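A.B. asks: Submitted below is the structure of interest, expressed as structure tokens.
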Amino acid sequence: MLNVLFALLLAQIVPPSPPPLTTPSPSPAPSASPVPSPPALTASPATLGLRPGTSATVAISGATGTLSVTSGPLVTTAVDPATGAITVTAVGQLGRDVVHVVDQTGATVDVPVLVAHDAGSIPPSILLRVTGSPLDPQWLASQLASAVTRTVTVQPGATLAVSPPPDVPVPQPGASASVAVPLTIAGNGNYLDVSGTADVAIENVAVEPFVPPTLMYDDDPEHIDGDGVVDRAAVTAGAPSRLYYYHDNAADPRRLAVVLSSASASTVQVIDASAGPNIDVMSVGHAVSRDFLLAKPRNEGVIYDVAPGAPLLLHDALMAKRQGVAGSVDFNVLSGGPVTVTILAFTPGSDPLALLDGPLLPKDGHHRNGVFDITNFGNSALAYAVGGPDASIVYGDRDPTPPNVDPSSSGRDYGDYGVIHTFLFSLANPTQDPATVYLFERPIGGIVRSSFIVDGTLVDMGCVRENTTRYQVSAFSLAPNARYQLNVMTMTDGGSNYPLEVGLSTTPPSPTTPPISGPDGCFPKR
């Protein structure tokens, strides 16, 4: 009993077990305050372009204390202690450099420097002499751009962009006007960019319209695969002539140029419609005929001076594989002469004028070249009376065709390329009822496009293929017992196929040409 009581007593006086020990987490050490970066410096201008030997000033903003400036060997620098402005001077060598600027806090800025020549130069004035009335404002704007492009000096690898103003003044024959043409010459990283305006004086010289008696036809070789003279002919004062050229490139890139040269100081009026390069040769040929038909009746041309020993590059087209170029160009030598017109093919990068006096390239055997007599050729008249049979005429056939000036030459102009066809249609309605007379075309030689000037208005036809369908060119309402004289001009298109029939009828033709890819359309060719 006592033992039990003693055990109970011990149980009451033994202290309880202590709580488990825990390891306290150490207090975090105080973090170090970040060191602020120096404020950025700003340079104005941020970059420099300097001609050799010239200087420019750079202003630095946000700097503290004295500036430290270093650079490479192409420039020297000087700091104005009062303002902190830096004068940078190009010492003469071309290339790229960097001006490195540091202030007392360590803040920096770099100013890249290009030491180079200007990308080009703008002459103080440019003279553009044109002919014609009424001048088309869009045509005149394009001639302004061409005159500036010919006259402004552009360094190799630089890019010229000309922006004729939208409201170009259009002087009448015998009058003049002036216009400022904005332009930029981009140096493309190799030269200093140039921006400015070219002051162009436009003179509309009063020159009588002319009809050339001869045609210089140049379509042989049609596919050019070498460098050299494609064709050449001379134009003399008092004997104007037309050039029609049509070529495409066989394979390697090649340039095609039209060059004017003369042994004496000469002045020549040029009425020019040229197009390409484009792999769609039908669109090239169509653009040439359409534009020439618009320009020629207005005598719309440009007057050029051709100096001895200084050939004039009238056109220079870069052709890729299978691309074509074409042109219809009238030449009228006003003074001096004779002026030699040369078609040149040459590899890009080579000097075309080195080929100017070289031999002709071999012909392709198709005999599509020569000088042809086009005096009064292509002038036709046709009468049509309502109630009578339809009346039509065919042009662009092998007979008749313009005769070669050289009877012994095998050259032929089958298709009348370069010839303006003029039709005088006499319409009569002898009936007591009003009638509608339709002017139509019908392709009989193959795929063809056409442009017609109908009573002074352009009618641009779509592409059609040989079939029995007549397509409407225009329509005319005739009152009872009325008569009407209809004047129509057209040219055959390079790349199209002839002959072509045009005629008059009261039977309505197809009002529109088919879609180019439709079942009776032009493409795909089959």
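A.B. asks: Can you give me the number of residues within the stretch 457-480 that are in contact (Cβ under 8 Å) with a residue 60 or more places away in the chain and charged (D, E, K, R)?
C.D. replies: Taking the stretch 457-480 and keeping what is in contact (Cβ under 8 Å) with a residue 60 or more places away in the chain, we get 458, 460, 463, 478.
Among the residues that remain, those that are also charged (D, E, K, R) are: 460.
The qualifying residues number 1.
A.B. asks: Right, here's the next one. Working only within the stretch 111-124, note down all residues that are under 16 Å from Gly72 (Cα atoms) and either of a type in the set (Ser, Thr, Tyr) or surrounded by 15 or more Cβ atoms within 10 Å (Cβ to Cβ) (or both).
C.D. replies: Going residue by residue through the stretch 111-124, those that are under 16 Å from Gly72 (Cα atoms) are 111-116.
Within the stretch 111-124, Val111, Val113, Leu114, Val115, Ala116 meet the criteria.
A.B. asks: Considering only residues that are closer than 20 Å to Thr422 by Cβ and either open to solvent by 30 Å² or more (accessible area, probe 1.4 Å) or of a type in the set (D, E, K, R) (or both), which ones fall in the stretch 386-400? Before you say what the answer is, go through the steps one by one.
C.D. replies: In the first step, residues of the stretch 386-400 are kept if they are closer than 20 Å to Thr422 by Cβ; the result is 391-397, 399-400.
Across the stretch 386-400, the qualifying residues are Ser392, Ile393, Val394, Asp397, Asp399, Pro400.
Quick grid of which residues meet (1) among the aromatic types (Phe, Trp, Tyr); (2) surrounded by fewer than 16 Cβ atoms within 10 Å (Cβ to Cβ); (3) out of contact with any Pro (no Cβ under 8 Å at 6 or more places or on another chain); (4) assigned to a loop (DSSP other than H, G, I, E, B):
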| site | (1), (2), (3), (4) |
| --- | --- |
| Asn376 | no, yes, yes, yes |
| Ser380 | no, yes, yes, no |
| Ala383 | no, yes, yes, no |
| Pro402 | no, no, yes, yes |
| Pro407 | no, yes, yes, yes |
| Tyr414 | yes, no, yes, yes |
| Gly418 | no, no, yes, yes |
| His421 | no, no, yes, no |
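Results for (1) of a type in the set (S, T, N, Q); (2) open to solvent by less than 80 Å² (accessible area, probe 1.4 Å); (3) in contact (Cβ under 8 Å) with a residue 24 or more places away in the chain; (4) within 30 Å of Gln432 (Cβ to Cβ), shown as yes or no for each residue.
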residue	(1), (2), (3), (4)
Ala482	no, yes, yes, yes
Thr490	yes, yes, yes, no
Gly494	no, yes, yes, no
Leu500	no, yes, yes, no
Ser505	yes, yes, yes, yes
Pro508	no, no, yes, yes
Pro511	no, no, yes, yes
Pro514	no, yes, yes, no
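A.B. asks: Still on this structure, please answer the following. Assuming Thr468 fulfils every condition listed in (1) of a type outside the set (Gly, Ala, Ser); (2) part of a strand (DSSP E or B); (3) open to solvent by 60 Å² or more (accessible area, probe 1.4 Å) apart from one, which condition is it?
C.D. replies: Only one criterion is unmet by Thr468, namely (2).
A.B. asks: Might you let me know whether the stretch 303-313 holds any residue that is within 15 Å of the chain's Cα centre (by Cα), open to solvent by 10 Å² or more (accessible area, probe 1.4 Å) and touching a residue at least 40 places away in the same chain (Cβ under 8 Å)?
C.D. replies: Checked the stretch 303-313: no residue is within 15 Å of the chain's Cα centre (by Cα), open to solvent by 10 Å² or more (accessible area, probe 1.4 Å) and touching a residue at least 40 places away in the same chain (Cβ under 8 Å).
Condition check ((1) in contact with an Asp or Glu (Cβ under 8 Å, 6 or more places away or on another chain); (2) of a type in the set (A, V, I, L, M, F, W, C); (3) under 25 Å from Pro389 (Cβ atoms); (4) modelled with pLDDT of 95 or more) across all residues:
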{"residue": "Gln432", "(1), (2), (3), (4)": "no, no, yes, yes"}
{"residue": "Gly462", "(1), (2), (3), (4)": "no, no, no, no"}
{"residue": "Tyr471", "(1), (2), (3), (4)": "yes, no, yes, yes"}
{"residue": "Ser474", "(1), (2), (3), (4)": "no, no, yes, yes"}
{"residue": "Arg483", "(1), (2), (3), (4)": "no, no, yes, yes"}
{"residue": "Gly503", "(1), (2), (3), (4)": "yes, no, yes, yes"}
{"residue": "Asp520", "(1), (2), (3), (4)": "no, no, no, no"}
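A.B. asks: Please find, within the stretch 438-465, the residue that is farthest from Val488 (Cα to Cα) out of those that are charged (D, E, K, R) and in a strand (DSSP E or B).
C.D. replies: Among them, the one singled out is Arg442.
A.B. asks: What number of residues within the stretch 297-334 are closer than 18 Å to Asn204 by Cβ and assigned to a strand (DSSP E or B)?
C.D. replies: 8
A.B. asks: Any residue at all in the stretch 481-502 that's more than 30 Å from Tyr245 (Cβ to Cβ) and either part of a loop (DSSP other than H, G, I, E, B) or acidic (Asp, Glu) (or both)? Give the steps one after another, and end with the answer.
C.D. replies: Narrowing the stretch 481-502 to residues more than 30 Å from Tyr245 (Cβ to Cβ): 481-486.
Next, only the ones that are either part of a loop (DSSP other than H, G, I, E, B) or acidic (Asp, Glu) (or both) stay: 481-482.
Yes, some residue in the stretch 481-502 is more than 30 Å from Tyr245 (Cβ to Cβ) and either part of a loop (DSSP other than H, G, I, E, B) or acidic (Asp, Glu) (or both).
A.B. asks: Same structure again: Got a sec? Which of Ser133, Ser121, Ser125 is hydroxyl-bearing (Ser, Thr, Tyr), modelled with pLDDT of 95 or more, within 30 Å of Asp199 (Cβ to Cβ) and touching an Asp or Glu at 6+ places or on another chain (Cβ under 7 Å)?
C.D. replies: That would be Ser125, the only listed residue that is hydroxyl-bearing (Ser, Thr, Tyr), modelled with pLDDT of 95 or more, within 30 Å of Asp199 (Cβ to Cβ) and touching an Asp or Glu at 6+ places or on another chain (Cβ under 7 Å).
A.B. asks: Quick check on the stretch 356-374: of everything there that is over 19 Å from Ala251 (Cβ atoms) and of a type in the set (A, V, I, L, M, F, W, C), which residue is least open to solvent (accessible area, probe 1.4 Å)?
C.D. replies: So the residue we want is Phe372.
A.B. asks: For the stretch 275-294, state whether one or more residues are in a loop (DSSP other than H, G, I, E, B), open to solvent by 20 Å² or more (accessible area, probe 1.4 Å) and within 30 Å of Ile516 (Cα to Cα).
C.D. replies: yes
A.B. asks: Looking for whichever is open to solvent by 50 Å² or more (accessible area, probe 1.4 Å), farther than 25 Å from Leu294 by Cα and β-branched (Val, Ile, Thr) here; the options are Thr431, Thr436. Which one fits?
C.D. replies: Details: Thr431 fails: open to solvent by 50 Å² or more (accessible area, probe 1.4 Å).
Only one candidate passes the filter, namely Thr436.
The values are calculated or read from the model by the stated rules, or taken from the named source; none is laboratory data. In this text the structure is predicted, and so the values were computed from the model without any measurement. Neighbour counts run over all protein chains shown; Cβ positions are idealised from the backbone, glycine included. Accessible surface areas use protein heavy atoms only, side chains included; no ligands, DNA or RNA. Shrake-Rupley method; radii C 1.70, N 1.55, O 1.52, S 1.80 Å.
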